[in-house]
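*Asks:* Just dropping this structure here.
The values are calculated or read from the model by the stated rules, or taken from the named source; none is laboratory data. Just so you know, these numbers come straight off a predicted model, no measurement behind them. As a convention, Cβ positions derive from the backbone with ideal geometry for all residues, glycine included, and neighbour counts pool all protein chains shown.
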Amino acid sequence: MIDPSPAPIAVRVRVNGRDYAESVPPRLLLSDFLRHCLGLTGTHVGCEHGVCGACTVLLDGEAVRACLLLAVQVEGADITTVEGLEGPGGRLHPVQQAFHEMHALQCGFCTPGFLISVVAFLRDVPAPSDAEIRRGLAGNLCRCTGYQNIVRAVRMASQLLAALDPTA
């Protein structure tokens, strides 16, 4: 007979610069761990199949779908959620600032996933063409916009980030 409630597993993780040690059910999704155990509700859950990108977080610096990972799989990892993008004194991250200024959101449900994806994308491709931006955004879906303002926001964010980097 299979035990319907397996024993919790201890998980230690750093999220947005803060260390956490929690005991979680072995089948708890990372998205649910972030939202329900840590109260970080900026990680949205849309499709629950890894298609829409709304649950995107940075896992050790790489953009991943939190709905496709179990919390126990991230033992010892460093995770950044949309809440972790905030700068000193509550200042917006350049990507957030660009999305705000370019009106790159409608209802906002997909926005956290876009923001996290764009942070990782611009780290890897700091001065992208519009075609590269569109390819970089291909893993995130928005049901409200036509993506034009999102592309403009990514372009603006790349400029804002370049202005912050003295070596650029």
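*Asks:* Within the range 30-62, can you find the residues that are on the phi < 0 side of the Ramachandran plot and acidic (D, E)?
*Replies:* The answer is D32, E62.
*Asks:* Test each condition in (1) β-branched (V, I, T); (2) within 23 Å of D165 (Cβ to Cβ); (3) in a loop (DSSP other than H, G, I, E, B) for V118 and report the one that comes out false.
*Replies:* Result: V118 fails condition (3) only.
*Asks:* Are any residues in the range 81-90 modelled with pLDDT of 95 or more and either in a loop (DSSP other than H, G, I, E, B) or farther than 21 Å from R152 by Cα (or both), and if so, which ones?
*Replies:* T81, E83, G84
*Asks:* With (1) closer than 17 Å to Q159 by Cα; (2) without any contact (Cβ under 8 Å) to a residue 24 or more places away in the chain; (3) not in a helix (DSSP H, G or I) as the list, and Q96 as the residue in question, which single condition is left unmet?
*Replies:* (3)
*Asks:* Tell me yes or no: at least one residue of the range 51-69 is crowded, with 23+ Cβ neighbours inside 10 Å and touching an Asp or Glu at 6+ places or on another chain (Cβ under 8 Å).
*Replies:* yes
*Asks:* Consider E101 carefully, then state whether it is surrounded by 13 or more Cβ atoms within 10 Å (Cβ to Cβ), within 17 Å of A63 (Cα to Cα) and not assigned by TED's automatic domain parsing to the domain that holds V64.
*Replies:* In short, no.
*Asks:* Are there any pairs, at least 6 apart or on different chains, whose C-beta atoms fall under 6 Å, with the first in the range 141-153 and under 20 Å from V51 (Cα atoms) and the second in a loop (DSSP other than H, G, I, E, B), and if so, which?
*Replies:* So the pair list comes out as L141/C52; C142/C110; C144/Q106; C144/C107; T145/Q106; I150/A104.
*Asks:* Could you tell me whether any residue of the range 145-163 is under 24 Å from R14 (Cβ atoms) and either surrounded by fewer than 17 Cβ atoms within 10 Å (Cβ to Cβ) or modelled with pLDDT of 95 or more (or both)?
*Replies:* yes
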